[in-house]
Structure formats: C-alpha cells, structure tokens
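A.B. asks: Got a structure for you, written out below as structure tokens; questions coming shortly.
What follows draws every value from the coordinates through simple rules; no lab data is involved. What you see is a predicted model, and the numbers here were worked out from it, not measured in a lab. So basically every Cβ, Gly included, is an ideal-geometry build from the backbone, and we count neighbours across all protein chains shown.
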C-alpha cells in the first residue's frame, strides 16, 4: 500500500503483542461508537481510505457494540478482543509512528468589536467554493480543496496575510471578536474553540472550511531562523515567543497561508468535545486525528508510546482510541493527533506532545481476513 508520502503495510498481531493493553479501559469509546453508527446509517457513510477499509466493514463492529454498556474495563477489552483483529502499521521506511496532540481552547470574546476585542473569527464566505477534480483550475495544486469564485472564474482564495489585512471586512461574517491575533491563530490551528462572553455565556465554534492554502508550521520557521530550539519547541514556547515579539507577529503568522473559517455550534453538554471531521463529538483522551486519505474514520487505533508519560501520570501512554478527526499536518499511515480535551489545562497537556509511537489498527474480524 502507498500513501502520498510513504509505503506501509498492515501486519497481523495478537492482543498479547499490545504492551499496556491489559491496563487500558476503553469503556468511554462505546458512546462515540454509537454516534458513529448513527451518522453512517442516518446521514452519510465515511469516505474509504487507502487501506480499503469501508464504512460497511466498520458497521460490523458498531452494530455489535449497539446497546453495550461495559460494566468494567475488562468487559470493554473483552468486547474488542472478541470482535477485532489488531494489525501493526509498519511504515515502509522502517521509521516509527509519531503523535502530537490538540485541544479545544477557551477564548474570551465579545459579540461586538471595540478597542479591546479587535480580532474576528469569521464564518465561511459566500465566494468560497469546494473544489474537486471536476472544477479545480489547472493552475491550482491538487491539494487545494477550496477556491474563490468571482464573475464565473475560479482562483486561489486570499490567504492569511490578505485576510488579516482586511479582505473580509464589511461582509458581516464575524462570529465574535477576540483580544489577540495570536489567540485567533492558535484556534485556527486547533480547529475549534469554546467562546466565553463577558456575561458568562459559553458558545462554541468548529471548523467550517478553509481558504485552501497548505498548512505551514510557524514553529519550523522559528527553528529555521534560530529563534527557538528544536529540542524544546512546543505550543507554549511558540506562543510565548509571539507574545514577546508583537512587532513580528504579522510577518510570522502570515508564513502559514492557511486560513480557517468557522460555524457556531452547541455546547449543550460541556463534558463533550467539539464535533469534528467524523461529525461526532470528540472524546477527551480517546479521539485521534488521522490522515483521512489513508484511514477511514471510526476505526479503533491502539497507540503505544514509551516516551509519552505526562498524559497518564508518569505511565507510558497505551490507549485504544477512535479515528474521529483529521488535520493538514497529519500526514502518513502512522501519524496521529491526540485530543486532550477543552480549556487551559488541556492545552498545557497537548502543547508538549511530540513523541514516537506504535500504531495498531483494530479491524473487525470479517474484514480482517482480507489482510492475512
């Protein structure tokens, strides 16, 4: 099998091969599996990735889980042992898998602009259109999934720098206004946020679309310029550098031409995360963003990392997770982004995750026969 960036294969494994599996408690995945089942059956099946695993393959597992409420961790593990076959994801180049993490920030905002609240979150513009092979101009790279339609002509949409300089002003697209351009940028990177208004009201925004330009990491830019150390870089060090150098913020942020548009969403249950690419609420600590060109949403992944210890009080990370999201920077068969939850503490956990990891995908037994 090949991905856009590398070859890989799926190697049959046993549950005994999964170091840390016997200590895991995947009970919290059952609600998310019910949500995935509802979406597939009532709304739309998930797109099939390069593995060839389909929504129908997944339904065999989701149907079996319907109505299940495990009473303990052992019962939850027994369900997956009964219905799934684990496969190790072996990269063709022999390299290790890699995980980072993301979270849902909580940002102070105002419904109106003033001298304090000056930077907007924007809704999707009317002149932004979806692109595919049938309408994408030859001048745009195939990676562009969005473009601008003006007077019947499709072109690249204005990028971050152009939008920050006022391209969307006066179009009535503002959802809310934040205090800091840096806060806006990091919400763009995370793809969702909780919005705290001055009266205490809590709102939420989630990803609606993007301008279409590729993601470019500003952290890498700062490393290349010798401004941050590769060994210690994190979301926190990038954020601190930006706050300490306000005169350089515009130029550095514009390096990442990608720009995200949002839609307003409900916060009826504060315990649930935002609804992401799989169209179901994310579960803190149990949701994984994957490369959607390779993997099909909804499948379980067991992630094991010896070095990633701060998420489990000093114990090596070993958890079963569901593939429920994706991201521009999540590229490759053994590449994942762990959702750590909402708010400041979740951000502190997420910001320093950059660890090698082993990736196992759980395939329902009927479909597993196709993979040996």
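A.B. asks: Of the beta bridges DSSP finds with both residues in the chain, what % are antiparallel, to the nearest 5?
C.D. replies: 80
A.B. asks: Which entry in (1) 130; (2) 147; (3) 158 matches volume of the Cα convex hull per residue in Å³ derived from the coordinates of this structure?
C.D. replies: Looking at volume of the Cα convex hull per residue in Å³ for this model, the match is (3).
A.B. asks: Calculate how steeply helix 55-65 sits against the longest principal axis of the alpha-carbon atoms of the chain, using the helix alpha-carbon long axis, and give the answer as 0 to 90 degrees to the nearest 10.
C.D. replies: That works out to roughly 70 degrees.
A.B. asks: Once the Cβ-Cβ distance between residue 54 and residue 132 is put in as r, and R0 is 25 Å, what FRET efficiency do you end up with, to the nearest 0.05?
C.D. replies: Numbers: r = 20 Å, r/R0 = 0.82.
Rounded to the nearest 0.05, the efficiency is 0.75.
A.B. asks: Determine the calculated [θ] at 222 nm for the chain from helices alone, applying -39500 (n - 2.57) to every DSSP H run no shorter than 4 residues and normalising by the residue count; nearest 500 deg cm²/dmol. Intermediate results must be reported in sequence, preceding the final value.
C.D. replies: Working: 10 runs with 84 residues, N = 372.
Only helices count here, giving -6000 deg cm²/dmol.
A.B. asks: In degrees between 0 and 90, to the nearest 10, how far off the longest principal axis of the chain does helix 73-83 point, with axes built from Cα atoms?
C.D. replies: 80
A.B. asks: Which percent of Cα pairs goes in each bin when the distances of the stretch 244-324 are cut into 10 angstrom slices starting at zero?
C.D. replies: P(r) over the stretch 244-324, rounded to whole percents: 14, 29, 30, 26, 2.
A.B. asks: Can you tell me the orientation of helix 235-244 relative to the chain, as the angle in degrees between its alpha-carbon axis and the longest Cα principal axis, to the nearest 10?
C.D. replies: 10
A.B. asks: Gain in length, residue 140 to residue 17, computed as 0.36 nm per residue apart minus the alpha-carbon separation, to one decimal in nm?
C.D. replies: Working: separation 123, 0.36 × 123 = 44.28 nm, distance 4.52 nm.
Stretched out fully, the residue 140 to residue 17 stretch lengthens by 39.8 nm.
A.B. asks: How much length is gained if the chain between residue 108 and residue 63 is pulled fully straight, taking 0.36 nm per residue apart and subtracting their Cα-Cα distance, in nm to one decimal? Working shown, then result.
C.D. replies: Working: separation 45, 0.36 × 45 = 16.20 nm, distance 4.13 nm.
Contour length minus the Cα-Cα distance gives 12.1 nm.
A.B. asks: Would you please classify the overall shape of the stretch 70-141 from the alpha carbon gyration tensor, given that a ≥ b ≥ c denote the square roots of the eigenvalues, rounded means a/c under 1.5, and beyond that prolate means a/b larger than b/c while oblate covers the rest?
C.D. replies: Values: a/c = 2.58, a/b = 1.48, b/c = 1.74.
Verdict is oblate for the stretch 70-141.
A.B. asks: Turning to a different aspect of this structure: Ranked highest first by average number of other Cβ atoms within 10 Å, how do 21-28, 91-98, 319-326 line up?
C.D. replies: Working: 21-28: 16.9, 91-98: 14.2, 319-326: 24.8.
So the peptides 21-28, 91-98, 319-326, ranked by packing, come out 319-326, 21-28, 91-98.
A.B. asks: Sticking with this one: Classify the stretch 29-106 as rounded, prolate or oblate, taking a ≥ b ≥ c as the square roots of the eigenvalues of its Cα gyration tensor: rounded when a/c is under 1.5, otherwise prolate if a/b is larger than b/c and oblate if not.
C.D. replies: Working: a/c = 1.36, a/b = 1.30, b/c = 1.05.
Since a/c stays below 1.5, the shape of the stretch 29-106 is classed as rounded.
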